[in-house]
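Notes follow the structure.
The values are calculated or read from the model by the stated rules, or taken from the named source; none is laboratory data. As the structure is a computational prediction, the values presented were derived from the model and not from experiment. Note that we place each Cβ from the backbone using ideal geometry, even for glycine, and neighbour counts take in every protein chain shown. These accessible areas exclude ligands, DNA and RNA; they are computed on the full protein's heavy atoms, side chains included. Shrake-Rupley method; radii C 1.70, N 1.55, O 1.52, S 1.80 Å.
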Amino acid sequence: MNEFSKLAKQALRQPKEMLQETGRKKNELFIGIPKEVTFQEKRIALTPLSVALLVENGHRVIMESGAGESANFLDHHYSEQGAEIVPDKPSVYRADFIIKIAPPTIEEIDLMKNGQVLFSSQQPSLLSLSHLQAMMRKKITAISYEYLRDEGNILTVVRAMSEIVGATSVLIAAEYLSNVFEGKGLMLGGITGVPPTEIVILGAGTVAEYAARTALALGAQVKVFDSSIYRLRRLQTNIGSLVFTSVMQPIVLRKAVLSSDVVIGAVRSNNGRCPCIIDEPTVEKMKPNSVLIDVSIDQGGCFETSRITNHLKPTFRKHDVIHYCVPNIASRVARTATYALTNIFTPILLEIGERGSIMNLIWNRPGIRNAVYLYQGALTNKDIGERFNMTPKDLELIAFSQR
């Protein structure tokens, strides 16, 4: 932290009267929830009960008709809790706060008004310069879910979605092992006298942990590979039971993959493309009708044979191995994912109202401040700045200059 930032924080700690005035003044929020237009995005940011809580606290919520249908929340569920339902998207974008799941399209950015606050997903690797410049021209304050951290410094949305994806990936594997989907005809797990199915998991992060938990609960034999001893040890401790773990030694890994029934790729990269772990010759020698689930496909995939699929046609066969490569697995269980998201977003919106402004929240919550990539049109995210060769501004200095 530079000297200016330290001075800014010290100055803000001094005048208690100013902090009391801005910190305790409640503010009515005007929140808009548009219907998602991104292909197969079925989640919604808030449930009807969360809308009810916001309305009870004096806030106004406006929603596009049908916004919650894909998660099985109907318009009347929201209207009964105080939300205003409108038939067109432009009416929603009259709100001061827009909260949605997928990043805004260029058409949605055109509908946004100057100075609006946007809560949405926004992976730097998927952001285009034209979208960024369009939001900067409109002086948008944009907060990315991918960078949002909680009080324990955990990437809270990423963690919640990873838990869902990890558990769901094993249930998907169970489907495609069955005869119904022309698989091996195996039950994932095992029964008395029948050997259990073998599952190999690449990676030892949150996705891998919850995949291992679910597979072990179903009775499967699980092997976890990762390049980090620390992550393997953490997974072993968190699961609370012995599970085969190994660093990614090529000979040991290849032997495990060739004998497995299911391989789940959950390797993540902090920046850019994830590494390709399993090459095509290895896939070619796997047992017929084995299942590969590439959770890393949104970062390019960790199997050489992977290619992106979708929920309408989720699988393809190559070398007689079933490949499942859908990027947005959480949308497969959209209602559960929505409950997980609303538990994160609702307290944040309520706190903005309690503190009086988005600026007060940004300044007092480092985890929120970390997620801001645009503040009133100024770029504040280093990763995005490096990608487009732009110099980001220090958000703390911007905040101090406006106090």
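Details
Yes/no matrix, rows are residues, columns are (1) hydrophobic (A, V, I, L, M, F, W, C); (2) modelled with pLDDT of 95 or more; (3) open to solvent by less than 10 Å² (accessible area, probe 1.4 Å):
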site	(1), (2), (3)
248	yes, no, no
264	yes, yes, yes
292	yes, yes, yes
309	no, no, no
312	yes, no, no
326	yes, no, yes
340	yes, yes, no
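- Filter pass, residue 279 being among the charged types (D, E, K, R) and open to solvent by less than 40 Å² (accessible area, probe 1.4 Å): no
- Residues of the range 291-343 that turn out to be of a type in the set (A, V, I, L, M, F, W, C), in a loop (DSSP other than H, G, I, E, B) and over 15 Å from residue 262 (Cα atoms), as a count: 3
- Leading residue by the ranking (nearest to residue 62 (Cα to Cα)) among those in the range 77-108 that are open to solvent by 10 Å² or more (accessible area, probe 1.4 Å), among the β-branched types (Val, Ile, Thr) and under 24 Å from the mean Cα position of the chain (by Cα): 105
- Applying the criterion of being small (Gly, Ala, Ser) and assigned to a loop (DSSP other than H, G, I, E, B) to the residues of the range 165-202, the residue that is surrounded by the fewest Cβ atoms within 10 Å (Cβ to Cβ) is 193.
- Answer residue from the range 216-244, given it is closer than 10 Å to residue 203 by Cα and open to solvent by 30 Å² or more (accessible area, probe 1.4 Å) and is modelled with the lowest pLDDT among those: 227
- When residues in the range 299-340 are screened for being more than 24 Å from residue 250 (Cα to Cα) and touching a residue at least 12 places away in the same chain (Cβ under 8 Å), 22 of them pass.
- Residue that is touching a residue at least 60 places away in the same chain (Cβ under 8 Å) and not in a loop (DSSP other than H, G, I, E, B), where the choices are 263, 252: 263
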